[in-house]
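Structure record follows, encoded as structure tokens.
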Amino acid sequence: MKICFNQATTMKNSTLALDLECCEKTGYDFIEIRLDKLKDYLEDHTVADLAQFFASSNLKPYSFNALEFISFRDEAGDKEIKDGLRLCCEVGAAIGCGKTVVVPTFDVGPYSKAEIKQETVRALRELSDIAAPFGMKLAFEFVGYPNCSVNTLEQAYDIVAATDRENVGFVLDCFHFHAMNSKWEELEAIDPAKLFIFHLDDSEDLPPGALRDDKRLWPGEGAVDLARIFGILKAKGYAEMASIELFRPAYWDMDIAECIQTAYEKTKETIEKYM
Ligand code: ZN
């Protein structure tokens, strides 16, 4: 299983240039690039600089994170998402990054699950059409918050299956899976080929619906049943990658190199323990 760094883990105080340098030194295989950090980077670098970095490094780009709130958008919001996707496709083609994380919308109002499914499938298919000519894949990430329109694995997987496009799959994030009590039998039933990205994290022990991203913990230090998640993935033959993704303010305040090193060690220990 390859080890990947998600830039959320150092989000508050780092930059793409610094994360790249530290991840390469630490020995990561991949990085998930945050779009806000990419835009900051391009203020004083070029896409060619980024391509040059990856061409001369062991570290490779895995995905862009994230196009947020893809469904239930007005015309201006829809354009913003599509422009964002075009940027991912263009930069991705230049640097060899073939995946983009896409996130459903929050607080959409009292729509039924069937209505949410219909609208989200529509949005995913439109984005799929834009991404396909670039060879870009879309990884749909449900969020385990009560007010997210898609907040369990079963709902997300059903939407991805109904979208029925080769370049649309899903993200399994251990925190989000745990946070709204997604069902184990759903995880046991997934097609691992549709698992495009695996986000590794742990969580404080709060009741379902009460967890927020700041309660994430280093893997192995919280309440998420990582043994069971890894056991299921292993049984399914999924062994591609694990990306450490934390949003914990105390970790943001660590020295960047130390945070990235610790994240690597915790991820490696977890993979070695369960795989
Ligand atoms: Zn995630």
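Bear in mind that the values in this text are calculations on the coordinates, not laboratory data. Quick caveat, the model's predicted, so the values are computed rather than measured. When we count neighbours, we look across all protein chains shown, and the Cβ atoms used for this are built from the backbone with ideal geometry, even at glycine.
Tabulated results
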| read-out | value |
| --- | --- |
| Average Cα contact separation per residue, region 1-48, under 8 Å, 6 or more apart, as relative contact order % | 48 percent |
| Built amide H within the under 5 Å cut-off of Leu217, gap 5+ | Asp202, Ser203, Glu204 |
| For Asp173, residues with placed amide H under 5 Å, excluding near neighbours | His199 |
| Percentage of interatomic Cα-Cα distances in region 114-180 larger than 16 Å | 43 percent |
| Radius ratio Rg over Rh of the chain, counting only Cα atoms, Kirkwood formula for Rh | 0.94 |
| Relative contact order %, the chain, counting alpha carbon pairs below 8 Å whose residues are six or more apart | 22 percent |
| Whole-Å semi-axes of region 1-93's equivalent ellipsoid (Cα gyration tensor) | 25, 14, 12 |
| Karplus 3J(HN,Hα) series, Hz, for region 213-230 with 6.51 cos²θ - 1.76 cosθ + 1.60 (x for Gly, Pro) | 4, 6, 8, 5, 10, 3, x, x, 10, x, 9, 6, 7, 5, 4, 6, 4, 4 |
| Cα centroid separation, region 121-154 to region 63-79 (Å) | 10 Å |
| Residue-wise HN-Hα coupling along region 108-123, computed from phi with Karplus coefficients 6.51, -1.76, 1.60 (Hz; x: Gly, Pro) | 7, x, x, 7, 6, 4, 5, 5, 4, 4, 4, 5, 6, 4, 4, 5 |
| Calculated FRET efficiency for the pair Ala235/Ser56, C-beta based, R₀ 41 Å, to 0.05 | 0.60 |
| Cα-Cα over 26 Å, subset of Lys37/Lys215; Lys2/Lys117; Lys25/Lys82; Lys215/Lys268; Lys113/Lys183 | Lys2/Lys117; Lys25/Lys82 |
| Radius of gyration and maximum dimension Dmax of region 58-151, Cα, Å | 13.7, 47 |
| Segment Arg228-Tyr111, length gained on full extension (0.36 nm per residue, minus Cα span) | 38.8 nm |
| Candidate aspartates and glutamates - alpha carbon under 18 Å from Lys39, same-chain residues fewer than 8 apart omitted | Asp19, Glu21, Asp49, Glu68, Glu80, Asp83, Glu90 |
| Rounded to whole Hz, the Karplus (6.51, -1.76, 1.60) HN-Hα couplings of region 53-70, x for glycine and proline | 4, 5, 5, 9, 10, 6, 5, 10, x, 9, 7, 9, 10, 8, 8, 9, 6, 7 |
| Cα centroid separation - region 43-61 against region 93-116, whole Å | 27 Å |
| Segment Ala250-Asp164, length gained on full extension (0.36 nm per residue, minus Cα span) | 26.9 nm |
| Segment Asp205-Glu90, extension gain: residue separation times 0.36 nm, minus the distance between their alpha carbons | 37.3 nm |
| Mean Cβ neighbour count within 10 Å, used as a protection proxy, ranking 53-60, 94-101, 198-205 highest first | 198-205, 94-101, 53-60 |
| Förster-model FRET efficiency, 25 Å R0, Asp191 and Asp129, C-beta, rounded to 0.05 | 0.65 |
